[in-house]
Amino acid sequence: DLEIVVEGDKRLFNQYGVMLVNPEKYPSVKKELGQAFVDWLISAEGQAAIAGYRIDGQQLFFPDAEKKGS
């Protein structure tokens with residue numbers, strides 16, 4: 001039951017990103033599985049999953065991979 005005191009301020013923008021771990025630097029990384037995750041995350045299906053994540057009916061994340069040209 002907390003009251004929202006600040007909303008919409010650009011200083012509150014908290015963008016998330018994803019990148020594959022460099023397999024040359026870390027040879028034990030599972031490159032193919034990591035790339036599959038990245039590809040899914042930026043796909044239409046992954047973006048829909050992000051947008052569809054809700055708590056108490058409120059959308060928590062707003063995907064923008066398409067806007068970035070990914």
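Rule-based calculations on the coordinates, nothing more; no lab input. Predicted model only: the values in this text are computed from it and were never measured. Because the Cβ atoms are built from the backbone with ideal geometry, glycine has one as well, and the counts that use them run over all protein chains shown.
Points to keep in mind about this one:
- Contact annotation: residue pairs with Cβ atoms under 9 Å, 6 or more positions apart or on different chains, pairing a residue in segment 23-50 that is charged (D, E, K, R) with a partner that is part of a helix (DSSP H, G or I), are Asp39/Gly46.
- Of the residues making up segment 11-33, just one is closer than 19 Å to Pro63 by Cβ and assigned to a helix (DSSP H, G or I), namely Leu12.
- Output for segment 1-33, where each listed residue is under 21 Å from Asp64 (Cβ atoms) and either surrounded by 10 or more Cβ atoms within 10 Å (Cβ to Cβ) or hydrophobic (A, V, I, L, M, F, W, C) (or both): Leu12, Phe13, Val18, Met19, Leu20
- When segment 10-33 is filtered for residues that are farther than 22 Å from Ile50 by Cβ and among the small types (Gly, Ala, Ser), only Ser28 remains.
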